[in-house]
Structure formats: C-alpha cells, structure tokens
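The values are calculated or read from the model by the stated rules, or taken from the named source; none is laboratory data. Quick caveat, the model's predicted, so the values are computed rather than measured. Backbone-built Cβ (ideal geometry, glycine too); neighbour counts: all protein chains shown. For accessibility, only protein heavy atoms count, side chains too; no ligands or nucleic acids. Shrake-Rupley method; radii C 1.70, N 1.55, O 1.52, S 1.80 Å.
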Amino acid sequence: MKRYRFRLEAILHLRVAEEELARAALVRAEQELRTALIGRDAELARYRALQPSPGVVAEAVFQGEELASSLAAGSLRVAEHQVGLVAEAAARARVAWSEAARRVAVLERLDQRRRAEHEDDERRADVRTVDDIVTARWVSDRLERQRQGVEGAR
C-alpha cells in the first residue's frame, strides 16, 4: 500500500502560518480599536461634563470656559479621527485574515479530495490484487484437477 502524500503540503503549512499571523494581526487591530473607542468615549464624557457657569460671569471666567470647551471639542475630534483610522486598519486586518483563511480552506479541500482519490485508488488496487489471487487460485485448481484427471485416466 502506497503512503498518501499531499504534494502541496509545504504550501499548506505556509498558508496556515500566514493565516495564524493574519489572525494575530486582526486580534491586535481589534484590541487597538477597543482602546481607541474607550479613549474616544472618555473624551466625549469629558466634553459633556463641561458645564458653563450660570448667569453673568466675568470675562476671564467666560474665556476660560470657552477655551476648556474648545480644547475638549478638539480632543474629541482627534479621538474620533483616531477611531476612524484604527477602524480602517481593523477592517483591512479582517479582510487579510479572511483571505488567508480562504486560501487555507481551498488547500484543505484539495487535500481531502486527493486523499479520497488515493484511498479509492488503493481500494481498487486491493480489489485487483484479490481478483488476481482468486483467478490464479482458480487456474491453479483447474490445472491440478485436469492433471489429476489425466493421470487418473491412465
């Protein structure tokens, strides 16, 4: 019986390694996205927590509150921009992992198909061997009977 060997085994191992790297990159990108979302939410909470002083206030107090509000809004915009950048990177990582997983799946299906073909070939070879043995045995028995018949007739 011939041992099955997938000719693309080395490529399959390479593709599996690539998929694992892509999965690790996706996990990192999703963690960075969660971190960016937490940072953005903190900036949003900080911005919303700013309350203008009620009533008439001194110009210095008004300008201080206006500056604080402006800085908080700027920080929120930066955080939202960062979330967008990180979300794009996470989406690219997700696509890269998906593509790597698809390439692995294609090779695994091919391996399964080739393995099944190999097993079918081996079964057919076994059947041929058994047929040859049975035929040889039948011919041998028939020749033996003929020889015994010829010797018995003498």
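Only one residue in D141, D121 is of a type in the set (D, E, K, R) and either more than 24 Å from A10 (Cα to Cα) or touching a helix residue (DSSP H, G or I) at 6+ places or on another chain (Cβ under 6 Å) (or both), so which one is that?
Only one candidate qualifies: D141.
Check L71, L12, L21 and return the single one that is open to solvent by 80 Å² or more (accessible area, probe 1.4 Å) and over 21 Å from V83 (Cβ atoms).
Among L71, L12, L21, only L21 is open to solvent by 80 Å² or more (accessible area, probe 1.4 Å) and over 21 Å from V83 (Cβ atoms).
In region 37-68, how many residues are under 30 Å from A96 (Cβ atoms) and in contact with an Asp or Glu (Cβ under 9 Å, 6 or more places away or on another chain)?
Count: 2.
Yes or no: W97 open to solvent by 90 Å² or more (accessible area, probe 1.4 Å) and at negative phi?
No.
Which ones in region 110-126 are within 11 Å of K2 (Cα to Cα) and either surrounded by 12 or more Cβ atoms within 10 Å (Cβ to Cβ) or among the hydrophobic types (A, V, I, L, M, F, W, C) (or both)?
Residues satisfying the conditions are H118, D121, E122, A125.
Run down Q63, Q82 and say which single residue is polar (S, T, N, Q) and at pLDDT below 95.
Result of the check over Q63, Q82: Q63.
Restricting to region 31-56, what's the tally of residues that are out of contact with any helix residue (DSSP H, G or I) (no Cβ under 8 Å at 6 or more places or on another chain), farther than 30 Å from E88 by Cα and either surrounded by 12 or more Cβ atoms within 10 Å (Cβ to Cβ) or hydroxyl-bearing (S, T, Y) (or both)?
0
Can you tell which of S53, S98 is of a type in the set (S, T, N, Q) and over 36 Å from the mean Cα position of the chain (by Cα)?
S53
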